[in-house]
1. Restricting to region 390-428, what's the tally of residues that are buried (at least 17 other Cβ atoms within 10 Å of the Cβ) and over 21 Å from residue 366 (Cα atoms)?
2. Please go through (1) out of contact with any Pro (no Cβ under 9 Å at 6 or more places or on another chain); (2) farther than 24 Å from residue 149 by Cβ; (3) at pLDDT 95 or above; (4) not assigned by TED's automatic domain parsing to the domain that holds residue 16 for residue 450 and return the number of the only condition it doesn't satisfy.
3. Let me confirm something: among 230, 294, 287, which residue is touching a residue at least 40 places away in the same chain (Cβ under 8 Å) and in a helix (DSSP H, G or I)?
4. Go through region 8-35 and report how many residues are farther than 17 Å from residue 383 by Cβ and either assigned to a strand (DSSP E or B) or not assigned by TED's automatic domain parsing to the domain that holds residue 413 (or both).
5. Given the conditions (1) crowded, with 21+ Cβ neighbours inside 10 Å; (2) under 28 Å from residue 400 (Cα atoms); (3) not hydroxyl-bearing (Ser, Thr, Tyr), and given that residue 343 satisfies all but one, which numbered condition is not satisfied?
6. State all residues of region 245-269 that are in contact (Cβ under 8 Å) with a residue 40 or more places away in the chain, out of contact with any Phe, Trp or Tyr (no Cβ under 9 Å at 6 or more places or on another chain) and not in a helix (DSSP H, G or I); if no residue qualifies, say none.
7. Could you tell me which of the residues 31, 53, 14 is surrounded by fewer than 20 Cβ atoms within 10 Å (Cβ to Cβ), of a type in the set (D, E, K, R) and more than 24 Å from residue 401 (Cβ to Cβ)?
8. Taking the criterion of being in contact with a helix residue (DSSP H, G or I) (Cβ under 6 Å, 6 or more places away or on another chain) and closer than 28 Å to residue 388 by Cα, would at least one residue in region 84-106 satisfy it?
Amino acid sequence: MSILIRQASIIAMDKQHGSTPFVGDILVEADRIRAIGPDLGPPVADTVIDGRDRLVMPGLVNGHLHSGEALFKGRYDNMPLELWMLYCYPILGGQPPGDRLIYLRSMVVAMESLKNGVTTVVDDVYELGGQSMDQLAQVFQAYDDAGMRANVSGHIMDRPFLDTIPFAHEMLPADLRAKAGALATPGMGDYLDFCRSAAARFNDRSGRLRFMIAPSAPQRCTEPLMLAADALARSIGSPFHTHILETKTQAVTGPEFHGKTLIRYMHDLGLLHSGTTIAHSIWVTDDDIALMGDAGCSIVHNVISNQKLGAGIAPMRKLLDAGVNVALGSDGICSNDTPRMFDVMHAAGLLHSVSSPDYDTWVAASEVLECATIKGAKSALLGHETGSLEAGKKADLVILDLNTAPFTPLNDLRNHLVYCENGSSIESVMVNGEIVVEDGKLVRVNEGELLAELREAWAAYRPAHAATEAENAVFHPYFAAIHKRCTSMDVGINRYGSDMPAWKGHNRRAS
């Protein structure tokens, strides 16, 4: 089947045009863009779409998310990462969700993403008690059914949990150290075998899906695992996707554990390279940024999640200027509470203007669009396939109606997309040459039925999770003390939106 979009406003994000709009045609044949240009001549296609008063842009790329958190959206507030993880990623584990619930939580992310113009997601999936192949298959099945493009990981941590947090052994009482220490850690050989099997089973499924290698973080994984995972990622063409320096506690972690920053630690292990994608990268030093730029690695800026968890403000301008490939991500669907990338773009466009009075350093709407499209695709090692509208690339695109309030009156389309649009103007979404959202509605799946099923399944699972929260709450005051100790330390930089925190001597707990 072929589709011709005629005389639309186009933001291609290619090398020729960048984010500069132009009017033209796009011819899609099968799963790829066959041609794009000002005028492709008389219509010769199975379907012709009138592009007048329409904007066509590349599908948005969510460079980092955790779909497993979709069950907990709207559940927590006013907790920094180290406390929030006690409830969303509980130390003592809990009852794993059933396979159908895993499918449904993945599907709600896929549905909301597609309806809001996200055609590609990078989903770092963690399962309580370790991930099985059947559980992973449910995530892939959901994205396959919805029609998304996705990199999906099997998340792993192989260090004992208390060994990943500075001062934990010192500040926790013996009974809680014993509880945490009794938990088994996964074996490196089993994890690598799992990854090889998953890649063989899922890579290139439906021309849209791939398995991704994603060891959690350098402080949570042993050196042998990080090195072996990197070698495997290179061999199968996967990003080496990890988390580094999200919080000030993690800025303390590197010097406490290794006598150097975590970025320097990664560099010294040979783990900084163009295939490395780092989620967050907030508490990086200038030396760290130089190392990252020289390596040509990527970071994913999760601007909304970082604000909600009080993690700090990533030095986006410094990272961009150093040559680091900066993508945008929602992060978890509980630390952001939505996978909507228009929200992320809006926040990224605004936040960095308060980081400096030097307005020449502020992040422009055109740069935000680049980070949400082609740079996001590059961070997923998919830049050769998606992220821009070019002949030969996959047909992943979004059609927006310009006769809507967010585009009225019409001025600079780039500014409208970043500062005005919220996804409500989206008319159609195409992934892999297939229209998966039409007239604002999902084509492949019944959204209402799936949402109703998820609500029922969550009602049945919620008591088990509440019991898990209660069991893990015993760690709360001790982790609050660790957080206070670490954030009160001088690490040579400040990534908060204010001077050092003024402690009031109280800590809120999840209800």
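1. 5
2. Only one criterion is unmet by residue 450, namely (2).
3. Details: 294 fails: touching a residue at least 40 places away in the same chain (Cβ under 8 Å); 287 fails: touching a residue at least 40 places away in the same chain (Cβ under 8 Å).
Exactly one of 230, 294, 287 is touching a residue at least 40 places away in the same chain (Cβ under 8 Å) and in a helix (DSSP H, G or I), namely 230.
4. 13
5. That leaves (1) as the condition not met.
6. Within region 245-269, 269 is the sole residue that qualifies.
7. 31
8. Yes, region 84-106 contains at least one residue that is in contact with a helix residue (DSSP H, G or I) (Cβ under 6 Å, 6 or more places away or on another chain) and closer than 28 Å to residue 388 by Cα.
The values are calculated or read from the model by the stated rules, or taken from the named source; none is laboratory data. The model shown is predicted, which means the values in this text are computed figures rather than measured ones. All Cβ positions, glycine included, derive from the backbone under ideal geometry; neighbour counts span all protein chains shown.
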